[in-house]
Structures are given as C-alpha cells and as structure tokens.
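Notes follow the structure.
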Amino acid sequence: MKVILLTVGKTNEINFINSISDYQKRLKFYIPFELIELPELRNTKSLSEEQQKQREGEMLLQAIDAADDVVLLDDKGSEYTSMQFSAFMQRKMAGGSKRLVFVVGGPYGFSPAVYSRANGKISLSRMTFSHQMVRLIFVEQLYRAMTILRGEPYHHE
C-alpha cells in the first residue's frame, strides 16, 4: 500500500521543508510514501470562502482515484494517540487498498463534495496548526507509527 499526503499549497519555510524531507527519507524504509502539493488558488480575494473551498475541492477530487481510501486531516475527526494511530495504520495496510490518501485542505477546510468522498477523518490535535506545520506533524507521526509497528525504539511510552 502506498501512503499519500495530498495538500493544497506548497511548504515555503525552509526549516519545515528540511524536516519534512528528512521524514520522507526515513519513511521509504517502511512504506511507499509521496507528498503531493497542489497549487494554491490565485486571485482568491474575489472568492467567498465557500467558492474557495469548492474550487480547492475540485482540485483535490481530481487528484484522488476512485479506489483510494481517503482520510481527511480535519479538526472534526477522530483523535488518536501515537499507539492508536499505529494500530489504525496496521488495519489500513491489512485492508488491501492500493493507496491510502491523507488530505490537508485549504485555509477554510473542505467542500461538501470532499467530505462526501472521504472514508474517514482524523484530527491531529484540538489545537489549530498552520498547514505547513500539519504536514510536518503528520509525516513524523506516520514515521512513528511505522517504528511502533516494527517494535523499534523511536517511540517511548
């Protein structure tokens, strides 16, 4: 199974870029992983929040295959400890999907169409993080989950 982190917009802070890249390199020893960054919308000042969510949603849905297992990173999603997330990943890997796609939306969240397409929602925290920070937190937690599943000493309880 391939894990994909699908995002709207690029990471532009060099420290985040370097840290995300480090975890991407680590992850390739455990699981196929890809970060797909869709372009940000342009001229958004003339768009309402709903119009912006709709346009971003259209881009996101074009990047998702019909057979993908789609999980939104959403503040209304289920919260997991790192151990629970590793068990979630183990179930997903055993489930037979070819691609597990985690999605980070734009600044206003997801369109109703994206919510309808999703197979689930996960919240990384009750706190709000920048979209760049969410990417780093997610790849670190994915790496942590893989090390937990292998019984490696990265995670301490």
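Here are the numbers for the structure shown:
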quantity: Binned Cα-Cα distance frequencies in the range 90-135 - 5 Å width, integer %; calculated: 4, 15, 25, 23, 19, 11, 3
quantity: Ile14 accessible area, 1.4 Å probe, all protein chains in place, Å² to nearest 10; calculated: 100 Å²
quantity: Largest to smallest accessible area among Lys121, Lys92 [probe 1.4 Å]; calculated: Lys121, Lys92
quantity: Cα gyration tensor category, rounded, prolate or oblate, for the range 109-153 with a/c compared to 1.5; calculated: oblate
quantity: Antiparallel content of DSSP bridges confined to the chain, in %, to 5; calculated: 5 percent
quantity: Stokes-Einstein translational diffusion, the range 43-104 - Kirkwood Rh over all Cα pairs, 1.306 mPa s, 10 °C, in µm²/s; calculated: 115 µm²/s
quantity: Which of Leu60, Pro39, Gly77, positive extreme of dipole for the range 36-77 (C-beta unit charges); calculated: Pro39
quantity: Calculated FRET value between Leu47 and Ser123, using beta carbons and R₀ = 35 Å, to 0.05; calculated: 0.85
quantity: With Cα atoms, 0 to 90° folded angle of helix 131-149 axis to the chain main axis; calculated: 20 degrees
quantity: Angle in degrees between helix 49-63 and the longest Cα principal axis of the chain, rounded to the nearest 10; calculated: 50 degrees
quantity: Computed over the chain, the ratio Rg/Rh where both radii use C-alpha atoms and Rh is Kirkwood; calculated: 0.96
quantity: Rg/Rh (Cα only; Kirkwood hydrodynamic radius) as it applies to the range 74-157; calculated: 0.97
quantity: Over the chain, relative contact order from alpha-carbon pairs under 8 Å, at least 6 apart, %; calculated: 34 percent
quantity: Reduced Cα scattering model of the range 1-85, Debye log10 I(q)/I(0), q = 0.13, 0.24 Å⁻¹; calculated: -0.58, -1.36
quantity: The range 1-86, relative contact order [Cα under 8 Å, separation at least 6], %; calculated: 32 percent
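The values are calculated or read from the model by the stated rules, or taken from the named source; none is laboratory data. Values in this document were obtained by computation on a predicted structure and should not be read as measured data. Quick reminder, even Gly has a Cβ in these numbers, built from the backbone with ideal geometry, and neighbours come from all protein chains shown. Accessible surface areas use protein heavy atoms only, side chains included; no ligands, DNA or RNA. Shrake-Rupley method; radii C 1.70, N 1.55, O 1.52, S 1.80 Å.
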